1. What's the extension gain from VAL105 to ARG217 if we count 0.36 nm per residue and subtract their Cα-Cα distance?
2. In what order, largest first, do GLU191, GLU156, GLU254, GLU211 sit by accessible area if the probe radius is 1.4 Å?
3. Over the alpha-carbon set of segment 40-116, divide Rg by the Kirkwood Rh and report the Rg/Rh ratio to two decimals.
4. Calculate, for segment 72-218, the solvent-accessible area per residue in square angstrom, rolling a 1.4 angstrom probe over the heavy atoms of the protein chains.
5. Looking at segment 112-252, what % of the alpha carbon pairs are farther apart than 18 Å?
6. Tell me the accessible surface of ARG209 in square angstrom (1.4 angstrom probe, heavy atoms of protein chains only), to the nearest ten.
7. With a 1.4 Å probe and all protein chains left in place, how much of the accessible area of segment 17-121 comes from carbon and sulfur atoms, in whole percent?
8. How much accessible surface area, in Å² rounded to 10, belongs to the heavy atoms of LEU252 with a 1.4 Å probe?
Amino acid sequence: MSLVKSKEKLDQFFLLSQDLFFSIDFTGILLNVNPMFETLLGYSASAWIGKSCGKVVDRRDIPVIEEALARLQSQKRVPPFDVRALTAEGQVVWLEVTAAVGEGVIYVVARDISRRKAIEKQLIRNQRLFQIVGETAQIGGWYVDMSERLPIWSNEVCRLHGVSPGFRPTVEEAIDFYAPSFRPRIREVFEACCEHGISFDEELEIITRQEVRLWVRVIGKAVRDEQGQVVQVQGSTQDITERKATERQLTLLERSVESSINGVIIVDAQGA
């Protein structure tokens, strides 16, 4: 392929790309931009040539730009980084920036990741809500991928077991947290869920890392792929110790009342 044709293809790529392409000097001055600069940010490209690229960056991210320029000036590699750009209308656009040094120039590719950032923000909000719900109801989530068979516990499940957030047990280690008399049952229902997709809902006793006994309600359900194979088991674990204690007190109270009534009936019968 001739150099002329290669240049033509590069020019087409530069002009038609959906990403923002531009070049700057080592002080951050814009030397060239592709049409996406106008489409995405709403600025006139010709009016911005010769100006600092930092002027379209949110002031909160100026230190990020300055650090990247300093590294590039020292011929050091800069990994991709995210910054907020301001459009001509004052809107914020998140850009994932990749930069590389050429001969006396820095080439930059910036991709619009605003949608991804919005999704990430919503996920963080959801996680906070789930955390609040988990802490309030003392319930946490977990799952086990069949490919790895390593349980992933939420922070609340870790807390219930008396271990640090991020703790990752093996299946056997997770089962060992259950009181000895309950281990055969949890192993049985878990394996049935893994192998046959049978859901379970059990009330069992665990012993925390600090050797505190807690009653928990553990629920598990199978997740299948398109072929119907079980690929994951997911569920929840809830601390029901207080409920169990209340139920036990009610049972004892009922027995006490029954004993009192029976005693009265016996006395009355004898008196009669």
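1. Length difference between fully extended and current span is 34.1 nm.
2. GLU211, GLU254, GLU191, GLU156
3. With Rh from the inverse mean 1/r over Cα pairs, Rg/Rh is 0.95.
4. 60
5. So the pairs more than 18 Å apart make up 61 percent of the total in segment 112-252.
6. Answer for ARG209: close to 130 Å² accessible.
7. In segment 17-121, the share of accessible area belonging to carbon and sulfur is 52 percent.
8. Its heavy atoms expose roughly 80 Å² to the probe.
The values are calculated or read from the model by the stated rules, or taken from the named source; none is laboratory data. Please read all numbers here as calculations on a predicted model, not as lab measurements. Glycine gets a Cβ as well: all are built from the backbone with ideal geometry, and neighbour counts include every protein chain shown. For accessibility, only protein heavy atoms count, side chains too; no ligands or nucleic acids. Shrake-Rupley method; radii C 1.70, N 1.55, O 1.52, S 1.80 Å.
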